[in-house]
1. Exactly one of (1) of a type outside the set (S, T, Y); (2) assigned to a helix (DSSP H, G or I); (3) without any contact (Cβ under 8 Å) to a residue 24 or more places away in the chain is unmet by A100. Its number?
Amino acid sequence: LIYSRFWTKVMRDLGLITNDEPTARLFTQGMVIKDGAKMSKSKGNVISADQMVDRYGADTGRVFELFAAPPEKDLDWTDTGAEGAYRFIGRVYRLITRNAERIGQPGEQTGADRKVLRKLHQTIRKITEDFESRWHFNTSIAAFMELVNGIYANETALSGPAMKEAFEKLVLLLAPFTPYICE
């Protein structure tokens, strides 16, 4: 924080920014709890980030931490929660790769298209609200899950253009949460 304040003041003095502090609003997250106790090295109940990345990938850690609890609450770490986030990311990946050849193929708009695109636009609105004001990204991820469920339910009936729009927007929306898989 001291380092950030130093560079913030340098950038302010150069006229690059107008604020005096590194952030406009400081936000601290709750504690991470495992097996009923606060995670700490001295208690030996720490989950190594390297272990998480090796086992599930970096995107899984992000999705699990953001989905498990609102940011101001304590997060109760569970391996099953991390596995669930991993399964969700894998489900999105399989959905898109399985339909790669159908994306953008010509087709008439169907009732399934309207249903999925409506859900897509509701998801965009929800995530925009979460980013702009609430910072409750757990509800953003829940909205992603609902959207993916809706796409799965209508997968075979979707036209190529609707599938293209849904998948492109899904990947763009997911990118801040899962940058590696979205790339």
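Laboratory data are not the source of any read-out in this text; all were calculated from the coordinates shown. Everything quoted here is computed from the prediction, not taken from an experiment. Ideal geometry is used to build each Cβ from the backbone, glycine not excepted, and the neighbour counts take in all protein chains shown.
1. Condition not satisfied by A100: (2).
So that you can scan it fast, the table gives a plain yes or no per residue for (1) surrounded by 15 or more Cβ atoms within 10 Å (Cβ to Cβ); (2) assigned to a helix (DSSP H, G or I):
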{"residue": "D59", "(1), (2)": "yes, yes"}
{"residue": "E65", "(1), (2)": "yes, yes"}
{"residue": "P106", "(1), (2)": "no, no"}
{"residue": "L117", "(1), (2)": "yes, yes"}
{"residue": "Q122", "(1), (2)": "no, yes"}
